[in-house]
Amino acid sequence: MKLAFYLIAAVMIAAALALLLWPLVRHGRRQGRPGSVFALVLALAFVVPLAAGGLYLLVGTPVALDGVTAQPSMDIDRAVAELRDHLKQQPNDLQGWMLLAQTEAALHQNAQARDAYDQALRLDPKNGAAMVGWAEADSMVRDDHKIEGRALDLLKQAVQADPANQRGLWLLGISQFQHEDYAASAATWRRLQPLLEPGSNVAKAVTEQIAVAQARAGGKPASAASAEGPHLMVQVQLAPALRDKLKPGAALFVYARAQQGPPMPLAVARLDAAQMPATVTLTDAMAMAPQFKLSSADKVFVGARISASGQATAQSGDLEGDAGVVPVDQADPIRIVIDKVRP
């Protein structure tokens, strides 16, 4: 019943969006925009609600709405290509750039989304949606997923111009959390709380993150549950056959990511590869972002990788191994033998 309810609700939302967007599309076509834009808008009207509903069933927390990768159809690909051609001929079409940016972001083409938001900001430097979109896309492109530099500046501008910008407040709090300014992070998320529907999953998630930030600001765990959260002990060793491939200064990354969901690690540790065999314990404290941590999953894929360049992004020639999928509450040590070379 629950699955049917979410699917029916998603279809109803999609239908409503299509009806609302029809007049805008007709207006755009009168101004010479290609018919493919119409196809793209309708496709998004159906894909986005269905993807969001599917992610809710998968993750259970709307905060993580970046986790489902919608499988783009050939029609969407063609429509995006034609929209790009349209924008080459009419580079001052602000709505076109915003539509392209949001589409690329929905398809997890984050570098292209950031470029499109750049064009929108060229035309409208005070566009709050473009500011927040650029910051989010930039964080997803970066290896460390941090929000800093221009991204942080844009978020601050967007929130200052619109104090009710919910996405902007959430991302600003994440940036402050990432930089260990936990008191500021808690304060930013407290500003977000009154804007949320009381009792909703999002409101509950924000309340939990405020508690974590406040606890870290005070140097104490938020609760016994957080102190006793998942602790995955991982033992890593290098296969004898690959020892001659170990380069001086290489970095060892030990990580856990959700069995299903976003590719961002829920916990990651970086060590000197020369320390192998090594033992590391993965915990919530090793999360790259507060909404993606070990305790948010039931099962995780645990792996290890040696990077000669020291880069967090996997590259050809890296040495890899994994333990497959394990329960997040596993108490026994997890053993990994790095025995493969990444093609």
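The values are calculated or read from the model by the stated rules, or taken from the named source; none is laboratory data. Just so it is clear, the structure is predicted and the values come from calculations on it, not from any experiment. Neighbour counts are summed over all protein chains in view; Cβ atoms, including those assigned to glycine, are modelled from backbone coordinates with ideal geometry. Note: areas computed on protein heavy atoms with side chains; ligands, DNA, RNA excluded. Shrake-Rupley method; radii C 1.70, N 1.55, O 1.52, S 1.80 Å.
Looking at the range 101-117, is at least one residue aliphatic (A, V, I, L, M) and not in a helix (DSSP H, G or I)?
Scanning the range 101-117 turns up at least one residue that is aliphatic (A, V, I, L, M) and not in a helix (DSSP H, G or I).
Could you pull out the residue among Asp143, Asp115, Asp124, Asp162 that is under 28 Å from Ala187 (Cα atoms) and at pLDDT 90 or above?
Matching residue, one of Asp143, Asp115, Asp124, Asp162: Asp162.
Within the range 222-243, count every residue that is modelled with pLDDT of 85 or more, open to solvent by less than 70 Å² (accessible area, probe 1.4 Å) and not in a loop (DSSP other than H, G, I, E, B).
6
Give the range 324-337 a look and list any residue that's among the aliphatic types (A, V, I, L, M), assigned to a strand (DSSP E or B) and under 24 Å from the mean Cα position of the chain (by Cα), or say none.
The answer is Val325, Val326.
If Ser316 meets every condition in (1) more than 15 Å from Leu246 (Cβ to Cβ); (2) within 23 Å of the chain's Cα centre (by Cα) apart from one, which number is that one?
Only one criterion is unmet by Ser316, namely (2).
Residues are listed down the side, and each one gets a yes or a no for (1) buried (at least 20 other Cβ atoms within 10 Å of the Cβ); (2) in contact with a Phe, Trp or Tyr (Cβ under 9 Å, 6 or more places away or on another chain):
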{"residue": "Lys245", "(1), (2)": "no, no"}
{"residue": "Pro248", "(1), (2)": "no, no"}
{"residue": "Gly303", "(1), (2)": "yes, yes"}
{"residue": "Leu319", "(1), (2)": "yes, no"}
{"residue": "Val328", "(1), (2)": "yes, no"}
